1. Compute the Cα gyration tensor for segment 543-591, then decide on rounded, prolate or oblate, letting a ≥ b ≥ c be the square roots of its eigenvalues: rounded whenever a/c is under 1.5, prolate when a/b is larger than b/c in the other cases, and oblate in all that remain.
2. Around residue 496, under 12 Å between beta carbons, what's the net of Lys plus Arg minus Asp minus Glu among the other residues?
3. Taking the Cβ-Cβ separation of residue 311 and residue 452 as r and a Förster radius of 41 Å, what is the calculated FRET efficiency to the nearest 0.05?
4. I want to verify the translational diffusion coefficient of segment 342-391 in µm²/s; compute it with Stokes-Einstein, Rh as the Kirkwood radius over Cα pairs, at 20 °C and 1.002 mPa s.
5. Please name which of 533, 498, 458 has its Cα lying farthest along the dipole of segment 445-548 towards the positive end, using unit charges on Cβ (Lys, Arg +1; Asp, Glu -1) and the Cα centre as origin.
6. Among the listed pairs 405/509; 503/569; 372/454; 277/454; 337/371; 454/517, which are separated by more than 24 Å between their Cα atoms?
7. Would you please give the FRET efficiency between residue 565 and residue 427, computed as 1/(1 + (r/R0)^6) with r the Cβ-Cβ distance and R0 = 45 Å, to the nearest 0.05?
8. Could you go through segment 473-485 in sequence order and give the Karplus-derived ³J(HN,Hα) for each residue, using 6.51 cos²θ - 1.76 cosθ + 1.60 with θ = phi - 60°, rounded to whole Hz, and x for Gly and Pro?
Amino acid sequence: MGHLLSKNGNRGNRLKKRKRKLLKRKKRNCFLQGPCMLCFIVHGNSGSLDDDQLENSASKLAERYAALSSPEDCAKFLLSPRELAIWEGQGKGLLSAVPAKLIGPQALFRTAATPACEYSEMVCKRKCAEMQRCGPCKQPRCALQEVMENGGGAGDASASHCHLPLCPLPSSSSSSSSPSSSSSSEGVSGVGLQTDSVESPGSTGSTSATPQSPSPTCPHALADTPGDTADNSSINHLPSSILLRVLSHLSVKERCLCASLVCKYWRDLCLDFQFWKQIDLSGLQQVTDDLLVKISSWRQNVTEINISDCRNVQDLGVCSLASHCPGLLKYTAYRCKQLSDLSLITIATHCPLLQKAHVGNQDKLTDEALKKLGECCPELRDVHFGQCYNISDAGMVALAQGCPKLQRIYMQENKLVTDKSVRAFAEHCPELQFVGFMGCSVTSLGVIHLTRLKNLSSLDLRHISELNNETVMEVVRQCRSLSSLNLCLNWSINDRCVEIIAKEGRSLKELYLVSCKITDYALIAIGQYSTTIETVDAGWCMEITDQGATQIAKSSKSLRYLGLMRCDKVNEETVERLVQQYPHIVFSTVMQDCKRTLERAYQMGWNPNNSTAS
């Protein structure tokens, strides 16, 4: 019994609520509590009209509508139900008679700064079923409709049929000037119709004619759907070309072990062919033959690979990669002592377009590999065989004869390489630009052949046991394009040779004279005769004093770097004075280098108080 009574009690409360809502509905004098877009059509006293009359009446109604300033004025021109039925009976939608020029682009309503709490009041409260003749809005439902549908009240059933984008309208001058409208007890905010050509009386032209930008409070102005704002902020919405560009700044290890594990889309991006054209695996001890086999099996467009310091890679992996990647152009494998001739021979056989082969410090490499390169790789341009102690003149001569396009050749401590190799490269490779024979068994008899190389720009003759001054001077005279000359560790180089170099080296910019037999006269000659030399390294030249360092800094206008490391006769006070006097020159001494190192450490955030002793 109590249960039934409680139901009856709830029923009574529901009836009371419905009555209250009906009373509130009767108080409403318009579709909205202010001039709305529908009032533009419905306000008027005319009955059934023709098409031309409809358009004329709509234009007249527009002018009258623009003059409305309050809901009370709006209520005076409501159509009767019979007139409204006649209007609809002709097959005309309520919005079909609106002139196109009076409808703003893309949406009928524009955003106004209306508080969120008033959204529920700005809802069509009449029978919106009569609006079904209008085509449904193709825009996504705005958040306002969800508030109306979930907010309860008498408008729940009707709001579900309304297809108009129910965003608040921009406030007009007429509504803002009406105190009764802005301060209504029901929370009414004035709204105005945006038009292109119709100006409301009493309002400024800029307010009526200039379209107002949507307010941030309008859901349509922010996103098409409620979830679009969050989704569009995702990095995955960027074009794939931009994402590929971002991922290109990562190393192979970062792409494989980090980025590719984010999602399937990123995995596919990380497997893009452009990332596997140039593969740098240097220093990764996890790299084995199996990895190279897998790479070669699903990526056959590799053009460059670097496996330097990969101690677990054997000939099998390199051979598999070479056999599947015929377009390989650059091959780098420094300090891979476990590799033999088989790797380089396979690369030469299967990769005829090879242009670069840097295989320094491979003890097992012999002349057989170089002969195969000379036989199969005519496009070779850059080779490095430093510290490959089993290479001799036989392999070097075969390489020079088979690769006439060579531009760079670097040898280091190859004791089996003699003047015969130097002569072969000078004769068969006229395009050579960089030549280095550091510590090889080369003498002046071989170096003199380098005068044939008119394109020679960099020459490294460090630690050549039998190199005389006349040969060096002749090379400088003949090679007019020479810009860098390294004569370090050659005790035969004296002041007279340096003077000729300064006079004849018209294109020379770098001159390295570490541990040469020079004095202050050499530095003074450089400052006096050379107008192009920018870098001079005279470290470990014990005869250089303060006078030479001061004179070259004072007289040379092109000097930018002066190396004075372990020049014990140069006082540190003199160097400090030169640093202050010539700030455009970098002076290299033990103390100055330490200061620069500390400055860089401080710039990177190093703090000596927080550092721990190692």
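1. On the way: a/c = 1.58, a/b = 1.37, b/c = 1.15.
Since a/c reaches 1.5 and a/b is larger than b/c, the shape of segment 543-591 is classed as prolate.
2. Values: positive: 503, 517; negative: 470, 495, 499.
Local charge sum for residue 496: -1.
3. Details: r = 41 Å, r/R0 = 1.01.
So the FRET efficiency works out to roughly 0.50.
4. Details: Rh = 10.7 Å.
For the chosen part, D equals 200 µm²/s.
5. The residue sitting most towards the positive pole is 458.
6. Working: 405/509 26 Å; 503/569 27 Å; 372/454 28 Å; 277/454 35 Å; 337/371 20 Å; 454/517 29 Å.
Among 405/509; 503/569; 372/454; 277/454; 337/371; 454/517, the Cα-Cα distance tops 24 Å for 405/509; 503/569; 372/454; 277/454; 454/517.
7. On the way: r = 39 Å, r/R0 = 0.86.
Efficiency, rounded to the nearest 0.05: 0.70.
8. Per-residue couplings from phi come out as 5, 5, 4, 5, 5, 7, 8, 6, 8, 5, 10, 9, 10 Hz.
Bear in mind these aren't lab numbers, they're just calculated from the coordinates by the rules spelled out. What you see is a predicted model; the values in this text were computed from it and never measured. Virtual Cβ from ideal backbone geometry, glycine too; neighbours counted across all protein chains shown.
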